[in-house]
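Encoded as structure tokens, the structure appears first; notes follow it.
Throughout, read-outs are computed from the coordinates displayed, never taken from laboratory work. Remember, predicted model here, so these are calculated numbers, not experimental data. Virtual Cβ from ideal backbone geometry, glycine too; neighbours counted across all protein chains shown.
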Amino acid sequence: KKLSSEFQKQSETLEKKIYNLSNKEFNIGSPKQLGEILFLDLGIKGGKKTKSGTYSTDAGILENLSSNGHKIAKLVLEWRELTKLRSTYTESLVDQVAASTKRVHTSYASATTITGRLSSNDPNLQNIPIRTEKGRQIRHAFVAEPGCTLLSLDYSQIELRLLAHIADIEALKQAFHEGQDIHALTASEIFGVRTQNLDPAMRRKAKAINFGIIYGISAFGLSRQLGISNEESTAYMKAYFERYPGIQEYMDRTKQFCREHGYVETLFGRHVHVPGIHERNAARRNFSERAAINAPIQGTAADILKRAMIRIPKALEQNKLSGKAKMLVTVHDELLFEVEENVVDQTSKVVKNVMESASFPTLHLSVPLTIDIGIGNSWGDAH
């Protein structure tokens, strides 16, 4: 309730700033009105019309305008984040407390995502933004009951590790075995600079490429994400694939397999169907190709996490931790537990061991799986 009130005040402040820049009041939540303000009244270049004839004001358009120095676009993005956090969480979570337990309970669906990840609904606890300060504030509202603490265990860079294994990239596999900074290594490879001489901007660019590659990012997508020219991002991508040719081979091989069979496979043999791979529309076909590239990686990560989740209750029971440690929430590659304070260390060791060995005996990876552990009274503190 406190956060909701704070977000409301911040929203009103942003509204006033937006009205000052646009020289009039309008419904900021209306894409039609916002589009007219930006591209007609203010005459900002770069507007794109939708099929209905109105200007598009989606996040990508606004981020592009913001990176080009249009302050009003940056303010609208901030306003949208606040209003979404209020409507989705701070306003609604209070009404979703169960009368019988006085707690909030989510529901998980196991067959609604293409890759096989569990999806959280009513409320969706997986979409609380962690990268923004406001999102993290909401996580601080989730607290352990008295006498307990929250324990977070998260697979570290599991998708990059799986990519190194699947594409058989020796340099990346060695780096993971040695515990190197993988983004610094990639930056060093791409920019030809020793890791000790890297500046933070180089590492940030390498990190964007590393994670973008998993999702089949294009040079245009990378340029927009980093706020650089298309030529510059194309050069980065070219250098990346030259240093790690196995990744390009994996991508080409996977797309070809998908075109022939209509599906791709996780490392456990689970089929992930990609019906749009033969789309005539280039944009939709490209989207399906990116999904095909990502699915074996993210799908295998999902398989590993679910195998761990199935094994954890038995491991807790064998170590006399049943009832003292409860598995509460999963968010992608993370598991969150509520644990009695006197068994936190024991629980973290037991769960860590299960998670790190979850691919066995079916799958022996050429890279180690490692776990990041966080502990705190609130979810925000534990992550």
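Which one of ALA98, ASN121, SER67 is farthest out on the positive end of the charge dipole of the stretch 20-122, using unit charges on Cβ (Lys, Arg +1; Asp, Glu -1) and the Cα centre as origin? Value: SER67. Rounded to the nearest 20 debye, the dipole magnitude of the stretch 1-57 is 200 debye, with +1 charges on Lys and Arg beta carbons, -1 on Asp and Glu beta carbons, and the Cα centre as origin.
Non-local lysine pairs in the stretch 228-383, meaning eight or more places apart or on different chains, with alpha-carbon distances under 30 Å, amount to 18. By the rule of a C-alpha distance below 24 Å, with chain neighbours fewer than 8 residues away ignored, the lysines paired with LYS134 are LYS1, LYS2, LYS9, LYS16, LYS17, LYS71, LYS74, LYS84, LYS207. Estimated at 0.36 nm per residue, the fully extended path between LYS32 and ASN20 surpasses their Cα-Cα distance by 2.4 nm. 3J(HN,Hα) along the stretch 80-97: 5, 4, 4, 5, 5, 4, 5, 5, 7, 10, 5, 7, 8, 4, 4, 7, 9, 6 Hz, from the Karplus curve 6.51 cos²θ - 1.76 cosθ + 1.60 with θ = phi - 60°, whole Hz, x for Gly and Pro. For the chain, the direction-averaged projected area of the alpha-carbon convex hull comes to 21.9 nm².
Annotation: aspartates and glutamates with alpha-carbon distance below 19 angstrom to LYS51 (same-chain offsets under eight excluded): GLU36. Please list log₁₀ I(q)/I(0) at q = 0.12, 0.18 Å⁻¹ for the stretch 205-291, using the Debye equation with identical point scatterers on the alpha-carbon positions. After summing over all Cα pairs, the log10 values are -0.41, -0.85. Think of each Lys and Arg Cβ as +1 and each Asp and Glu Cβ as -1; about the Cα centre, that makes the dipole of the chain roughly 780 debye.
A simple rule links phi to the HN-Hα coupling: the Karplus curve 6.51 cos²θ - 1.76 cosθ + 1.60 with θ = phi - 60°, which for the stretch 297-314 gives 7, 5, x, 5, 4, 5, 4, 5, 4, 5, 4, 5, 4, 5, 7, 4, x, 5 Hz, with x for Gly and Pro.
With 10 Å bins beginning at zero, the pair-distance distribution over Cα atoms of the stretch 51-119 amounts to 17, 23, 30, 23, 6, 0 %.
Test of understanding: given the chain, find the longest segment containing no trypsin sites (Lys or Arg not before Pro) that are in a DSSP loop and have at most 15 other Cβ atoms within 10 Å.
Maximal segment without exposed cleavage sites: 195-279.
A simple spin-label model places pseudo-atoms 7 Å from Cα toward Cβ; at THR88 and PHE287 they are separated by 1.8 nm. Pull up the cross-link candidates among the lysines for LYS48, meaning alpha carbon to alpha carbon under 17 Å and not fewer than 8 places away within one chain. Of all the lysines, those that pass the test against LYS48 - Cα under 17 Å, at least 8 places apart if same chain - are LYS32. The residue list LEU21, ILE169, GLY221 was ranked by how far each Cα lies along the charge dipole of the chain toward its positive end, using unit charges on Cβ atoms, and LEU21 comes out on top.
What you get for the stretch 302-383, charging only the Cβ of Lys and Arg (+1) and of Asp and Glu (-1), is a dipole of about 400 debye around the Cα centre.
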